[in-house]
Structures are given as C-alpha cells and as structure tokens.
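The structure appears right after this line, and notes come after that.
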C-alpha cells in the first residue's frame with residue numbers, strides 16, 4: 001500500500017464538491033423514477049410512445065456531452081476555471097426542470113409527449129453544462145489516487161442522501177398537492193430550485209482561484225473536436241472503454257429498477273405510496289455502508305470491491321421475481337440488499353475514473369479530463385435514461401394500459417408480469433453482463449488498494 005502523504009484538496013473544496021451531488025442526485029433520480037409513470041398514468045401516453053419520449057433527449061445528450069466537455073477544457077485553459085459552465089447549468093436547470101412537469105392541462109397523449117420531449121431536451125442540455133465539468137474536477141483537484149478517493153467518497157455519500165431525499169420527497173410533494181398534474185408541477189418547481197441551489201454552491205466552492213492543481217493542457221496538435229475527441233479517447237484508452245462499459249450497464253440496470261419501482265408499488269404491492277418505502281430500501285443502506293465500502297476498497301482494491309458489489313446486486317434483484325406470485329414485506333428486505341450493493345456500484349467506478357483520467361494524461365501527454373468526463377457523462381446518463389426505455393418497452397410488449405384519471409386501471413396478467421420482470425430479471429441480467437468488462441479491467445498503477 002502506498003505511504004505517500006499529500007495535503008489534498010481543502011475542506012472547502014471537499015464540501016463544495018460533495019454539495020454538487022445535491023444537484024446531480026436530484027436530476028438523476030426524479031426523471032428516472034417518475035417520468036415514465038407521469039407519461040403513462042397521468043398524461044395518457046401509450047407505453048411505446050412514452051419510451052420514445054424519454055429516449056430522444058438522451059440520444060441528444062450522448063451527442064452534446066462531448067462537445068460540452070471539449071468546450072469546458074478550452075474555457076479552463078483560458079480562464080483557469082470551469083466556473084462559467086458550472087454556474088450556467090445551475091441557473092438554467094431549475095427553469096427547464098419545472099417546464100418538464102408543467103404540461104398544459106389541455107394536452108394529453110402524443111401532444112403531451114411532444115411537450116415532454118422538448119422540455120427534457122432543454123433540461124438535459126442545461127444539466128450537462130454542470131455535470132460534464134463537475135465530473136472532470138477530481139482529476140484536477142487532487143493528484144494521487146488516495147486523495148481522489150477521499151474527495152469522491154463524501155460526494156458519493158451526499159449523492160446517496162440526495163437520491164434518498166429526492167426519491168422519497170418528490171413523490172411526497174406530488175401527493176401534498178393532490179397528485180395529478182398539479183402535484184407534478186409543484187414537485188418540479190420545488191425540486192428544481194433545490195437542484196439549482198446545490199449546483200450553484202458547488203460551483204462557487206470548488207472553483208476558487210488557485211484550487212485546481214493543474215489546468216488542462218491542450219494536445220500539441222489541437223486534437224479532434226467534440227464527439228470525435230471523445231471517440232478518440234475511448235479508442236485510445238482500453239481501461240476507459242472497460243470502465244465506462246461496466247458503469248453504463250450498471251446505470252442501465254439501476255435505471256430500469258428505479259423506473260419500474262412506481263409500477264411495482266401500484267400494480268404489485270397495491271399501494272402507490274409504497275414507492276417511498278421501496279426507494280428508501282434501495283438507497284438508504286448506502287448511507288450506512290458507505291464508510292465500510294470505503295474501507296473495503298482500501299483493503300481489497302476498488303476493482304475487487306466492485307465485483308463483490310455487483311454480484312450481490314445480481315442475486316438480490318433476481319430474487320425479486322418472486323414478488324409477483326408472493327408479494328409481501330420481504331420485498332423491501334430484498335431491495336435493501338440490492339441497496340447495499342448499490343452503494344459500492346456508485347462509489348467504486350467514480351473513484352476509479354480519476355485514476356483512468358490521470359493514466360490517460362501520462363500516456364497521451366495531454367489533459368483530456370473534460371473530454372473524458374463528457375464521454376463518461378454521456379454514457380452514464382444514457383444508461384440511466386435507457387433504463388426507463390427498457391421498462392416501457394417491456395410494458396408495451398406485455399399490453400400495459402395507460403390512463404389519464406386517478407383510478408387505477410386493471411391490467412392484464414401479462415402486463416403485471418412485465419412490471420415485475422422489469423424490476424427484477426432485467427436489472428439482474430444487465431448487472432451480470434457488466435461483470436464481463438469489469439473482470440478485464442486493469443486498474444492504473446497506484447490506484448489499487450488506495
């Protein structure tokens with residue numbers, strides 16, 4: 001184990017970086033948790049069309065994130081800071097997030113889906129203005145793997161807390177306003193303001209002059225731009241491809257589980273409000289086990305710890321298939337085990353990414369933190385977004401019936417099985433597949449055990 005000692009980032013920076021997860025946790029959680037259900041069970045959008053509505057903005061996201069990453073690198077070289085991008089996202093996200101849940105009352109079906117697509121396009125672009133440079137910061141704020149893990153661990157803990165708060169609090173705000181369109185509008189407005197506030201605080205605290213240990217250095221040749229730069233980084237870095245592939249598959253698994261949770265609460269457990277308990281069971285354990293997860297990485301290494309977390313997630317989610325014939329309180333226990341695994345699946349890839357970025361800089365002679373962060377963010381957000389797409393695809397294939405009223409529609413048996421399969425077997429299979437690239441990952445020198 002390395003005995004290198006370094007001052008590391010200041011407490012102000014650690015607090016500021018962790019606070020950014022208030023914004024990223026909220027934006028990453030609520031759309032994945034309630035947007036599909038909002039489309040099918042409030043706006044009356046057919047499941048197949050709803051799947052298209054949540055997918056199109058994320059295709060755009062995959063294209064625009066690398067462009068933002070390269071522009072963020074260029075801005076950091078000129079100004080010595082990424083603050084302009086971070087603050088732009090903090091200002092724009094609340095407005096766009098509110099619009100996402102502000103569909104006019106006279107719109108339903110395809111017209112409502114069109115509104116959601118446009119609003120989601122704007123919201124995801126605004127979020128990327130913050131998220132892409134935010135992901136790039138650890139490689140610039142800390143110079144060793146140990147320091148980066150110490151910077152990121154509080155961030156992941158706050159992320160888990162934010163996911164729990166938004167995932168449980170969002171539906172409660174919806175219920176407080178009577179549900180339906182007014183409930184979603186109140187939820188979007190309040191949570192959008194909180195998301196923006198977290199982003200603004202993070203931008204201010206992490207971008208103080210002189211805090212960044214080194215500014216991005218341009219490639220001598222200038223390099224390709226935007227999306228081509230991200231593809232070049234992926235092509236040239238085997239470890240980035242493997243780590244990103246692992247994380248995307250796991251994001252897809254958790255995205256599917258989150259999107260299916262509201263359907264499970266309503267149509268399997270028979271209580272729409274059970275969503276809050278399901279969400280607490282999935283995310284709550286992360287708050288308890290995060291310190292243990294950090295020590296486990298120090299002892300076993302980040303890769304082995306991630307393998308163990310992934311295996312536990314596969315077993316826990318696969319067992320949930322029994323909830324269809326045998327619904328009951330045991331479901332929350334099984335979801336809680338998946339939540340223990342979820343903590344590691346969040347911490348370890350994010351702790352490994354700065355090590356991969358630093359290794360890439362040593363190998364290619366240029367700092368591509370923003371470009372790599374753009375590729376990472378595009379992959380991660382696409383994975384989370386395609387989780388709901390998978391769920392809606394399963395529901396469409398099994399004959400799920402949409403609605404515009406508060407009355408729960410009696411679903412065919414096939415659709416009820418589709419709900420539970422999307423919550424159990426689909427995420428279990430995706431997580432199992434993610435083990436393949438993870439096993440091939442070679443942790444950059446100095447990162448393992450740090």
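The values are calculated or read from the model by the stated rules, or taken from the named source; none is laboratory data. Since the model is a prediction, treat every value here as computed from it, not as a measurement. Note: ideal-geometry Cβ built from the backbone for every residue, glycine included; neighbour counts use all protein chains shown.
Observations on the structure shown:
- Evaluated against (1) surrounded by fewer than 24 Cβ atoms within 10 Å (Cβ to Cβ); (2) in a helix (DSSP H, G or I), residue 399 falls short on exactly one condition, (2).
- When the range 278-287 is filtered for residues that are surrounded by fewer than 19 Cβ atoms within 10 Å (Cβ to Cβ) and at pLDDT 80 or above, only 280 remains.
- Of all residues assigned to the range 50-66, none qualifies as being within 13 Å of residue 259 (Cβ to Cβ) and out of contact with any helix residue (DSSP H, G or I) (no Cβ under 7 Å at 6 or more places or on another chain).
- Annotation: residue 63 fulfils all but one of (1) over 22 Å from the mean Cα position of the chain (by Cα); (2) surrounded by fewer than 18 Cβ atoms within 10 Å (Cβ to Cβ); (3) modelled with pLDDT under 80; the unmet one is (1).
- Wholly within the range 82-145, helices (runs of 4 or more DSSP H) carrying at least 1 residues that are in contact (Cβ under 8 Å) with a residue 60 or more places away in the chain, closer than 21 Å to residue 59 by Cβ and touching a helix residue (DSSP H, G or I) at 6+ places or on another chain (Cβ under 7 Å): 83-100, 109-136
- Test: residue in the range 314-328 that is in a helix (DSSP H, G or I), within 20 Å of the chain's Cα centre (by Cα) and modelled with pLDDT of 85 or more: yes
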